[in-house]
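In what follows, a single structure is set out as structure tokens and then discussed.
The values are calculated or read from the model by the stated rules, or taken from the named source; none is laboratory data. Predicted model, so just to flag it, every value in this text is computed and none were measured. Cβ coordinates were reconstructed from backbone atoms using ideal geometry, including for glycine residues, and neighbour counts include every protein chain displayed. Each accessible area value is taken on the protein alone, full model and side chains, heavy atoms only, with ligands, DNA and RNA left out. Shrake-Rupley method; radii C 1.70, N 1.55, O 1.52, S 1.80 Å.
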Amino acid sequence: MKLIQLVCFAGCLGIGWTVQLSSLDKISLDFFPNASVILAARMSSSFIVNIPKCISSSQFTPTTIRPAVAAVGDKVAMPAVTDTNQIKSLHSSSTAQVYFAGEFKSVSCRIARDLVSMDIDDGNYKLTTVVGYQVGVEVCEKTKGPFCNRALQPSSIYRVNFFILDENAVIRAHTGWSDAIQTNNVTSFTAYDGSFLGRAGGMIVITVLLSVGMFVLVVGLIVAAALGGKKS
């Protein structure tokens, strides 16, 4: 009987039952690393934030990350959220101040590092770096699915919290709310920097293709520099 109840409880969580934030594991995250120029970007209707990488747990398998965004009145205010039921979807509650912005796959340690891989088809090396997540890139009327990463308001203050789901789509952990971040006070579209618009789900990924010749040249320069250093 107890086993049946446990299975039922887990299944109900997977389809959206309320989860208390106090019962979730806490994942440490530096949302805005000082050394990153890109993650320091602030625009009038969006900003870029670091994402959890290399998440490991002995209790569950991190599979999906679901970012939540909270509009707060000032830089010291914290969202009054105690359970996941208080975090809405903009498709069902367009005026929600705290909402889920989307979902993306958990970033493994292998992808989080700079990855050089061989593309057999065109003879190029691909250098891929996961940079972060851009909050505020979508128009809800044009998006499908349960969530919307709506463009933010200029000169407004927000906080972000990443929720980690397991393979059964059950929320198991979160990062806690980020420091407050304020969008730029820019109302003219011509002054808006939209260079990162169009990234699926808000993910910012830099991909650079290097020709085989260029890759070999770079490696050769590194080897030559190392040999030169030994001789001197």
Karplus couplings for the stretch 153-169 from phi (6.51 cos²θ - 1.76 cosθ + 1.60, θ = phi - 60°), rounded to Hz, Gly and Pro as x?
-> 8, x, 6, 10, 10, 9, 10, 10, 9, 9, 9, 9, 10, 8, 5, 9, 6
Rounded to the nearest 0.05, what FRET efficiency do SER58 and SER108 give with R0 = 22 Å and r taken as the Cβ-Cβ distance? Could you check?
-> 0.85
For the pair THR82 and LYS144, what calculated FRET efficiency results from E = 1/(1 + (r/R0)^6), where r is the Cβ-Cβ distance and R0 = 41 Å, to the nearest 0.05?
-> 0.85
Taking amide hydrogens as modeled 1.01 Å from N in the peptide plane, which residues meet the under 5 Å criterion relative to GLU138, leaving out close sequence neighbours?
-> ASN149, ARG150, ALA151
Want the number for ARG42 to SER92: 0.36 nm per residue separation, take away the alpha-carbon distance, what's left?
-> 15.2 nm
Given a Förster distance of 45 Å, the FRET efficiency implied by the Cβ-Cβ spacing of LYS26 and ILE222, rounded to the nearest 0.05, works out to 0.65
Accessible-area order for LEU29, LEU165, LEU221, largest to smallest, probe 1.4 angstrom, reads LEU221, LEU29, LEU165
